[in-house]
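Here's the structure we're looking at; comments come further down.
The values are calculated or read from the model by the stated rules, or taken from the named source; none is laboratory data. Every value quoted in this text rests on a predicted model; they were computed, and no experiment measured them. Virtual Cβ from ideal backbone geometry, glycine too; neighbours counted across all protein chains shown. We work out accessible area using only protein heavy atoms, side chains counted, and drop any ligands, DNA or RNA first. Shrake-Rupley method; radii C 1.70, N 1.55, O 1.52, S 1.80 Å.
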Amino acid sequence: DLFNTRGVGLFFLLRLASLAIMIVPRLVLSILFPSYMRKRLFRRVDDFIEYAQQQVDRVQGLSELVTVQNKLLQSFFPEIIPHVIPRFAAGLAPLGILGSLAGPSCKDWILTLTRGLPHNVTTEMDLQLWGVAQLLQKDVASLQHFSQEPAQDLAKQYLEKSLPKVSQTAIANFLSDFGMRGLYEIDYGRVRWREDPTPLMNTLKSYVEIRDPQRAPDTIFAQGERAAEEAIVKLSQELSYVPVSFLASRIRELAGIRELPKFAAIRLMGIVRAKMLQEAEKLVQKGKLNSAKDLCYLYSEEIKALASGDATMDYKQVILERHAAQLVESKRTRLPRIICSDGFASFGGVSSSNNNNKTRISDDDNTLSGEPVSPGVYEGRIRVVHDPRDEKTTLQPSEILCCHGTDPSWTPLFLSAGALVMEVGGLMTHGSVVAREYGIPAVVGLEQVTSRLKTGQLVRVDGSSGMVEIIVEE
């Protein structure tokens, strides 16, 4: 039953009022004092993570760890999210205001306002990784080693602490800050970079090959900042009756915090996962588990029961069965974008729609049309990437990244990509936002683009019109 026939209850109104009392003052303060409010938010997040680390360090045994984990996760949202929402709203609302006031001819300028956004933890992570690559470029032994060794071997050597000294130290420093990240990182069971840094090694191997200063990630990011400043000037001239500088300064100061909540959650999960694997090793030594990572196949109550010595269930067999089920599910090549309540599933991107001629695949086999999400035009070679961990599909500098979709673990690839095309996504999804921040043209919503385009094809990507054209070479 989708309809509420009972009306709005008193409890709902009280909750709504309490939420407004919490958020509205912070929203006003964020508009008036954006820098101060942003710094307070970052301090609050750091304090919470420090508290979580202290709580986990005191834990004795898996059963207690599960209890502490649940308490921390339950407290994360009320402690962090009500403080993020008003600040992010104060940064995003001006973008919407300018977008509604500006005409179609100003669309690219509006999107350019978000290029080179400061205070984005994911962007800062990428630039720090580029800093590691610069250290490797300056060290002869490290540069030669990374040029010759495959990424998988480099990862193994790092874990064995046998890399050249400069690279070993630089990567260790990076992973001390971001080692809790990884592919599909919101899943506790997924491997983190500090456990298997192969994806980072893949990216570093690509970064050390960047010789052109104009293609250097920090240079590109700085160009994005300058482009944003130019867009502010142009919009101020176009919208002389609007306080463009005031609105733009709020966008630049606050919109970058959009990655902070997830990063904070991943930091929290990383603290718990590290302790969980440490405690699980004790069960491996007792013969109760085959691998510490097998613990991630169990529910919280099952972990508590296993830790307490419960013998009513064959936990090893349960884990094997769930692992087998996971392998079956992982063979699905495509997942639906939408699943309706009646079971109807849609796999297509916006380009498969027949209701909008602007977003359907062109009748011309050499032209695809999708949703433009980051302005600009770029011509280059396609690199189809299904898994950023796969060394066989390492993205080379200036290539066009073609993939199904992205999450923050893909972000380092953006610094060396010339453009982005994706099967799924919209204006505010991860890949689109990061592409705008880095100033690379991007088109999304291209149905089956990873099978229609092939690695090595010469393609022109127009992030302003949404057109992707395959250039026929003679």
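General observations
- Taking every protein chain into account, the accessible area of segment 357-474 amounts to 37 square angstrom per residue (probe 1.4 Å).
- Computed with a 1.4 Å probe over protein heavy atoms only, the accessible surface of segment 58-130 comes to 41 Å² per residue.
- Of the solvent-accessible surface of the chain, computed with a 1.4 Å probe and all protein chains present, 55% belongs to carbon and sulfur.
- Förster radius 60 Å - calculated FRET efficiency between S240 and Y188 (Cβ-Cβ, nearest 0.05): 0.70
- Pair F12, Q144: separation of 7 Å Cα→Cβ label points (nm): 7.2 nm
- Shape call, segment 34-137: gyration tensor on alpha carbons, a/c limit 1.5: oblate
- Point-to-point label distance, T393-M22, nm (Cα→Cβ direction, 7 Å offset): 4.1 nm
- For chymotrypsin sites (Phe, Trp or Tyr not before Pro), the sites in segment 96-186 that DSSP calls loop and that have at most 16 other Cβ atoms within 10 Å are Y184.
- Of K304/K331; K71/K316; K138/K205; K262/K293; K282/K304, pairs whose Cα-Cα distance is over 20 Å: K304/K331; K71/K316; K262/K293
- For segment 26-38, backbone phi angles converted through the Karplus equation (6.51, -1.76, 1.60; θ = phi - 60°) give residue-by-residue couplings of 5, 5, 5, 5, 5, 5, 7, 10, x, 5, 4, 5, 5 Hz, Gly and Pro being listed as x.
- Ordering of 416-423, 282-289 by packing is 416-423, 282-289, highest average first (other Cβ atoms within 10 Å, averaged per residue).
- Here S465 and R332 are evaluated by their C-beta separation; at R0 = 41 Å the FRET efficiency comes out at 0.80.
- Dmax and Rg, reported as Rg then Dmax, of segment 100-214 (C-alpha, Å): 17.6, 58
- Each Cα pair of the chain feeds into the Kirkwood radius, which the Stokes-Einstein equation turns, at 37 °C and 0.692 mPa s, into a diffusion coefficient of 133 µm²/s.
- Rough spin-label spacing in nm, given labels placed 7 Å along Cα→Cβ, for M313 and A222: 5.7 nm
- Per residue, the accessible area of segment 185-343 comes to 52 Å², computed with a 1.4 Å probe over protein heavy atoms only.
- Estimated [θ] at 222 nm from DSSP helical runs (n ≥ 4, -39500 (n - 2.57)) normalised by residues in the chain, nearest 500: -17500 deg cm²/dmol
- Computed from phi, the 3J(HN,Hα) profile of segment 47-63 under the Karplus parametrisation 6.51, -1.76, 1.60 (θ = phi - 60°) reads 5, 5, 5, 4, 4, 4, 4, 5, 5, 5, 4, 7, 5, 10, x, 5, 4 Hz, with x in place of Gly and Pro.
- Of the GluC sites (Glu not before Pro) found in segment 138-223, those that fall in a DSSP loop while having at most 13 other beta-carbon atoms within 10 Å are E160.
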